[in-house]
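Working notes, beginning with the structure itself.
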Amino acid sequence: MKLKIYKTIFAILFIAVIVVIGLIAVKYGKNYLNDQETQKVVETFSRSLESEIKENVTMNGYKVIGIVKIPKIELEYPILDIDTYNPEETKEPMKISIVKYWGGQVNDYGNLSIAGHNNYDGTMFGKTKHLEIGDTVELTDLNGNTVTYQIYDKFITDPNDVTILATNDNTIRETTLITCTNGNRERLILKAKETK
């Protein structure tokens, strides 16, 4: 009787392990396919900038307004314009790329805040925790201008902290990178200013 119970428990545990492994594989597979798609969008955006006839580039219906590139962590993603600052409405576009969360246009003067998921597999902003003060972020805008920003501050804050969005000096270009950390209970913030 005990042997039968042990076999049943073992079978249930075996099936549970297989299901968990399958779910993990599906999630990472989706992230991999999404990364392939974002790289195609980056290439399309870059080709559009070189063309005499500019075209609007979109990704899943969202307008691409620029490219964020961070050489140190080999990150390059389209920046999607979501025309909202409602966190509930940013969930869908953030599943596919980096989004403009607050501010003017890419490379405008003032603070442009962009947000991305902190994926465990390192996609999106999953590797930004490895960045340090002095590292660089490159933003390319719709006119094909690439501006290099240098990280000058890195900290963790509460998800409801809106002071990170403030523009303290409208005569400089600044960007704020936002991602979740600590099980989505806090936000990792990286502040960067244009290098001269």
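The values are calculated or read from the model by the stated rules, or taken from the named source; none is laboratory data. What you are looking at is a predicted structure, and each value in this text was computed from that prediction instead of being measured. A quick note on method: Cβ atoms are made from the backbone with ideal geometry, for glycine too, and the neighbour counts reach across all protein chains shown. Each accessible area value is taken on the protein alone, full model and side chains, heavy atoms only, with ligands, DNA and RNA left out. Shrake-Rupley method; radii C 1.70, N 1.55, O 1.52, S 1.80 Å.
Within the stretch 55-67, identify whether any single residue is at pLDDT below 75, small (Gly, Ala, Ser) and either in contact with a strand residue (DSSP E or B) (Cβ under 8 Å, 6 or more places away or on another chain) or surrounded by 10 or more Cβ atoms within 10 Å (Cβ to Cβ) (or both), and answer yes or no.
Of all residues in the stretch 55-67, those at pLDDT below 75 come to 55.
Okay, now just the ones that are also small (Gly, Ala, Ser), so none.
So far as the stretch 55-67 goes, no, none of its residues is at pLDDT below 75, small (Gly, Ala, Ser) and either in contact with a strand residue (DSSP E or B) (Cβ under 8 Å, 6 or more places away or on another chain) or surrounded by 10 or more Cβ atoms within 10 Å (Cβ to Cβ) (or both).
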Please count how many residues of the stretch 37-53 are open to solvent by less than 80 Å² (accessible area, probe 1.4 Å) and either touching a Ser or Thr at 6+ places or on another chain (Cβ under 9 Å) or over 15 Å from Gly66 (Cβ atoms) (or both). 8
With Gly103, Gly116 as the choices, which residue is under 15 Å from the mean Cα position of the chain (by Cα), within 26 Å of Asp35 (Cα to Cα) and not hydrophobic (A, V, I, L, M, F, W, C)? Gly116
Exactly one condition in (1) in a loop (DSSP other than H, G, I, E, B); (2) closer than 28 Å to Ser46 by Cα; (3) open to solvent by 60 Å² or more (accessible area, probe 1.4 Å) is not met by Lys91; state its number. (1)
Suppose we keep only residues that are of a type in the set (Asp, Glu) and in contact (Cβ under 8 Å) with a residue 40 or more places away in the chain within the stretch 170-194. Which one would you say is least open to solvent (accessible area, probe 1.4 Å)? Glu174
Would a scan of the stretch 71-88 turn up a residue that is open to solvent by 60 Å² or more (accessible area, probe 1.4 Å), at pLDDT below 90, farther than 24 Å from Ala192 by Cα and acidic (Asp, Glu)? yes
